[in-house]
Structures are given as C-alpha cells and as structure tokens.
Amino acid sequence: MDLIDSWVQAKDRLHHVCTVNPEMLMIAQQDVNFRNILKRVDLTVPDGVGLLWAARRIGQPIPERVTGSDGVPRIAKEAALRGWKLFLLGAADGVADQAANILRDQNPGLQIVGTYAGSPKWEEEDRLVDMVNASGADILLVAYGAPEQDKWIARNAPRLNVSMAMGIGGTLDFVAGIIPRAPLRWQKLGLEWLYRLYLQPWRIKRMLRLPRFVLAVLRRGAN
Ligand code: UDP
C-alpha cells in the first residue's frame, strides 16, 4: 500500500501491477508479447496457490498468496483513507457500478470517479482512454480477464494519466456478489480454484493448462 501511495504521490507515470497465476505463466510460455509484459511490469504478486508450491519446489519460497480479489477491497480501504481516486473498468454491464456502490458503502469517503464496462477490443480503446483520463483517476482497475487486461494496460500505458493500473479478473463479480468466493476453509486448503471450477465448469478448458504447469515445474526441479 505504501508503494502504491508513493506512485500516486509521484504522479510521474503509470505503474503496472500484475497478479500472476499458473495459467498466466503457461500462456506466457507461448505468447512472447505477454511474456515481455510480465517481465516489464512494476510489480507482480502471486495470485494462485500453484505459484507458492512451485516457488517452494524450486527453493525460492514466497510467504503468501496476494490475490486481486483480496487486494481490491484492501486498495479501496486505503484509497478512502489516503484520498486515491479509483476507476473501475470492465466486467458485464452494470457490475462495476454495483461493485462501486458496495465499496463506497464499506468505505465512507471513497472516491470512485468512474465505472464502465466496455471491452478490450481495439475499436473501443481511444474512447476508454479518454474516459479514464477525463475522470482524473489515480488508480485504474481493469476487469477483462488475463491476459487481455494486462495487454490492454501495457498497450495504453503511455497515454493513460493514472499512477497505477492493475488487472483484476473476476474481482468485480465477487465484490458485486454475482459470483460467491470460495469459503475461507477452501481458500486455506488451497482449493479456491476447485470451488471456482465447481461454480463455473466451463473453466475446465483453461484449467487444462495446470497439469502442464506442474510438469514444467517438476522438470525444472529435476535439472
Ligand atoms: N470481461 C469483460 N469483457 C471481456 C472479457 C471479460 O468485461 O471482453 C470480464 C468478465 O465479465 C469478468 C472478467 O472480465 O468479470 C474476467 O473474469 P475471469 O473470472 O475470467 O478472470 P480471472 O479472475 O480468472 O482472471
């Protein structure tokens, strides 16, 4: 939070924060553009129990998961205290608005200066950038799912006048209460991914990347 505050105070450029999970790492193996983005962002945080396992396995343990879904309410809380202005971009029509109302109720004084669904299509890009810049936001939270949201941020970073931008995947759906988060017990057992699969079975296609991630880590460990 202090790091974010230093960026907001400096107002010098956009700082890109990326919450990384195993699926994204596997996409980055094949997508050189995304791989370069991950290498260049200002801060990556481990969003996904698989990363903690992999880090332990290769002898560079990471203390804990830092997820977008936990991070956004924390950022909103700090924003209300420190006066950061937020813009919520993405999710289905009306969801960002609903999430904004809930975050404002939870954090009196919170300034959410804009919400908009839109889409990551290039045709919409100029309009979205103008909208964000006109809002005077300090922090832009982009809910278009990975890797599109991070590509969108990276592509538009030079012309966005915000101090920090972060891709937040399905977080607005959680905040708005449209999709429930896994119970804490499941989260503590490292099974949040299984709960999401149970709620959204179509995720299985994306999750088929996970066994390949495990294999890649095991292979690396053996070297
Ligand atoms: N989304 C969107 N426009 C798009 C594609 C996705 O607004 O063109 C939103 C979608 O409504 C959801 C989020 O992006 O709120 C992606 O959520 P998902 O659960 O897939 O992301 P994850 O948390 O797995 O990264």
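Residues Q200, Q111: which one is without any contact (Cβ under 8 Å) to a residue 40 or more places away in the chain, surrounded by fewer than 20 Cβ atoms within 10 Å (Cβ to Cβ) and within 11 Å of the ligand (Cβ to nearest atom)?
Q200
Quick check on the range 85-95. Is at least one of its residues in a helix (DSSP H, G or I) and over 19 Å from G136 (Cβ atoms)?
Within the range 85-95 (the criterion being in a helix (DSSP H, G or I) and over 19 Å from G136 (Cβ atoms)), the answer is yes, since at least one residue qualifies.
When you go through (1) out of contact with any Lys or Arg (no Cβ under 8 Å at 6 or more places or on another chain); (2) part of a helix (DSSP H, G or I) one by one for A79, which number turns out not to apply?
(1)
Is it the case, given these coordinates, that A146 is more than 11 Å from the ligand (Cβ to nearest atom), outside any helix (DSSP H, G or I) and within 30 Å of G59 (Cβ to Cβ)?
no
Quick one: would you say I139 is in contact (Cβ under 8 Å) with a residue 60 or more places away in the chain and out of contact with any strand residue (DSSP E or B) (no Cβ under 8 Å at 6 or more places or on another chain)?
No; evaluated as a whole, the condition is false for this residue.
Go through the range 175-184 and give me each residue that's surrounded by fewer than 20 Cβ atoms within 10 Å (Cβ to Cβ) and within 16 Å of the ligand (Cβ to nearest atom).
G177, I178, I179, P180, A182
Here's a check for you: in the range 124-137, which residue that is open to solvent by 10 Å² or more (accessible area, probe 1.4 Å) and closer than 23 Å to M1 by Cα is farthest from the ligand (Cβ to nearest atom)?
That would be G136.
Got a sec? Which of R74, R65, R104 is over 18 Å from L141 (Cα atoms) and either assigned to a strand (DSSP E or B) or open to solvent by 30 Å² or more (accessible area, probe 1.4 Å) (or both)?
On inspection, the qualifying residue turns out to be R65.
Among A96, A79, which is under 20 Å from L43 (Cβ atoms) and open to solvent by less than 10 Å² (accessible area, probe 1.4 Å)?
A79
Please go through (1) open to solvent by 60 Å² or more (accessible area, probe 1.4 Å); (2) within 15 Å of the ligand (Cβ to nearest atom) for N161 and return the number of the only condition it doesn't satisfy.
Unmet condition: (2).
For R35, which of the numbered conditions (1) touching a strand residue (DSSP E or B) at 6+ places or on another chain (Cβ under 7 Å); (2) open to solvent by 70 Å² or more (accessible area, probe 1.4 Å) fails to hold?
For R35, the failing item is (1).
Of the residues that make up the range 44-64, is at least one small (G, A, S), within 16 Å of the ligand (Cβ to nearest atom) and on the phi > 0 side of the Ramachandran plot?
Yes, some residue in the range 44-64 is small (G, A, S), within 16 Å of the ligand (Cβ to nearest atom) and on the phi > 0 side of the Ramachandran plot.
Step by step: first the residues of the range 13-49, then only those that are hydrophobic (A, V, I, L, M, F, W, C) and in a strand (DSSP E or B), then the one that is farthest from the chain's Cα centre (by Cα). Which residue is that?
L43
Looking at (1) within 16 Å of the ligand (Cβ to nearest atom); (2) within 18 Å of P180 (Cβ to Cβ), can you tell me which one F87 breaks?
Exception for F87: condition (2).
The values are calculated or read from the model by the stated rules, or taken from the named source; none is laboratory data. Since the structure is predicted, the reported quantities are computational estimates derived from the model, not experimental observations. For neighbour counting, all protein chains shown are included, and Cβ atoms are generated from backbone atoms with ideal geometry for every residue, glycine included. Calculation scope for accessible area: heavy atoms of the full protein, side chains included, ligands and nucleic acids excluded. Shrake-Rupley method; radii C 1.70, N 1.55, O 1.52, S 1.80 Å.
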